[in-house]
1. Could you pull out every one of the aspartates and glutamates with an alpha carbon less than 16 Å from that of Lys46, ignoring same-chain neighbours closer than 8 positions?
2. I'd like the GluC sites (Glu not before Pro) in the range 230-315 restricted to DSSP loop residues with at most 16 other Cβ atoms within 10 Å, sorted by number.
3. Provide the percentage of antiparallel DSSP beta bridges, counting only those with both residues in the chain; round to the nearest 5.
4. If the viscosity is 0.692 mPa s and the temperature 37 °C, what translational diffusion coefficient in µm²/s does Stokes-Einstein give for the chain when Rh comes from Kirkwood over Cα pairs?
5. Rg over Rh of the range 220-276, using C-alpha atoms and the Kirkwood radius, what does it come to?
6. Considering Cα pairs under 8 angstrom that are at least six residues apart, work out the relative contact order of the range 214-328 and quote it in whole percent.
7. For a protection proxy built on the mean count of beta-carbon atoms within 10 angstrom, sort 118-126, 163-171 highest first, please.
8. Quick one: pull the percentage of alpha-carbon pairs in the range 303-380 with a separation above 16 Å.
Amino acid sequence: MSERHREFVSVAAGQVPVVADCDVVVVGAGPAGTSAAVSAARNGCKVVLLERYHHLGGMASGGMVLVLDDMVNAGTEIVTTGIVSEFTERMKAQDGAIYPPPEDCRTDWEAWKKWSRWGAIDFHSTGMPQPIIHAVAFDPDCWKRVSLDMVREAGVELRTHSWFSEALMEGGKMTGVVAQTKMGRQAIRAKMVIDATGDLDVGASAGASYLQGQFIVTTVFRLCDVDTAKAEAFEYSHPEEYKALDRAARRVIGGAWGMWWLKTPLPGIVWCNCPHMPGYDGMSPEHMVASEYEGRERMMKLLAFARENIPGFENAKMLGAAEQMGIRQTRLLQGEYVVTKDDLTKRRWFADSVCRGRDYYTPYRALLPKGIDNLIVAGRHYSVESEAQKLSREIPPCMAQGEASGIAAALAIAGNVALRDVDARAIQKQMRAQGADPGDVPSPNALVETMETAQ
């Protein structure tokens, strides 16, 4: 910081009012934090959930990352389950989620044409057509509604408009957090703290070791009044012409995934997970302002191009950008175990695995900081190498981390033990009881080493 800021001022510390005493405080009500809060509350804890925005859902709702993926092992084995599955079914009941039935999860052109524009594809596969797999397209406001319902039903005390400020410490133990609000600074005392900020805000304040990562950022947006049936018909009836236009659109937007537009549960509204903008620091206010300007300029250029050139987009309009910038990587915890790219690509199994993503296992140790008690993390900022995080940062596995962290906090309190002394087998057992797959049983394609090296 001293390299960036040459002048400083002194501020009075003063006293901070305590607004809540609880068993567990969860900082950040994104997918991981909401899952953690609900999980801890369902396991008997008095829980406070802090969120800086007015809504719940983080990158799923405010960031409009509108496809849940990274849930399927090789083939059709769904391995990321539990609270994420409950979210899916609740949204589906409100017509806010769409996903392919099991019989459509196959590899042929008929299934591809039916489901690819919903984002239900195995994007790791290089052949065409890519396999159709279990993935969920959803509406962001439906996510917010379901989040509120689940938090309220679980008895969680929700405190929105509360921006994390600093960790409360006694020696090497966390005793709570301080939040900044319109009413001033407020303290929440807790036996256990779950950092679900996505940027390791709590861990960094508490002194946890971390590395500073960086990846592309995105101003995600949606377009309305799109005739998706017409656009798809043109894509398949004039494939070469469509490919040329698609390449041109990518040049206009300046970077996108395999498909720059996808359908959503709301007719005529498409989701655009672009542009890809490298070189921005997701924690820098200056960088975030610059990326907002750049992203919005690119969005409008793409809209103009699509209206003029792509059948089905003639009447398209800008519905709006996401409320939150799409940040993919900032601080990464360097905890009791650091997950490596080799762990992921070799599908290494761990005896203390407590949650799963596509073809990989997350050990309990990767949620725990070194040298700090009463703190556990859940989300994209878990203990992982930068390149490995790029392969393991999707929303469903982060939700599974949250569910496991909530259970771990409850077990630590019930057993009056430190988080690092909680038996991973007890977490696994309760994850199973809650309908989640903790990865205690390795899939056939996992790399299973000796017990000494697997834990």
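The values are calculated or read from the model by the stated rules, or taken from the named source; none is laboratory data. This one's a predicted model, so the numbers in the text were calculated from it and none came from an experiment. Cβ: placed from backbone, ideal geometry, glycine included. Neighbour counts: every protein chain shown. Accessible surface areas use protein heavy atoms only, side chains included; no ligands, DNA or RNA. Shrake-Rupley method; radii C 1.70, N 1.55, O 1.52, S 1.80 Å.
1. Straight-line reach from Lys46, under 16 Å: Asp21, Asp23, Glu153, Glu157, Glu403.
2. Answer in residue order: Glu314.
3. 65 percent
4. Calculated translational D: 145 µm²/s.
5. 0.96
6. 48 percent
7. 118-126, 163-171
8. 67 percent
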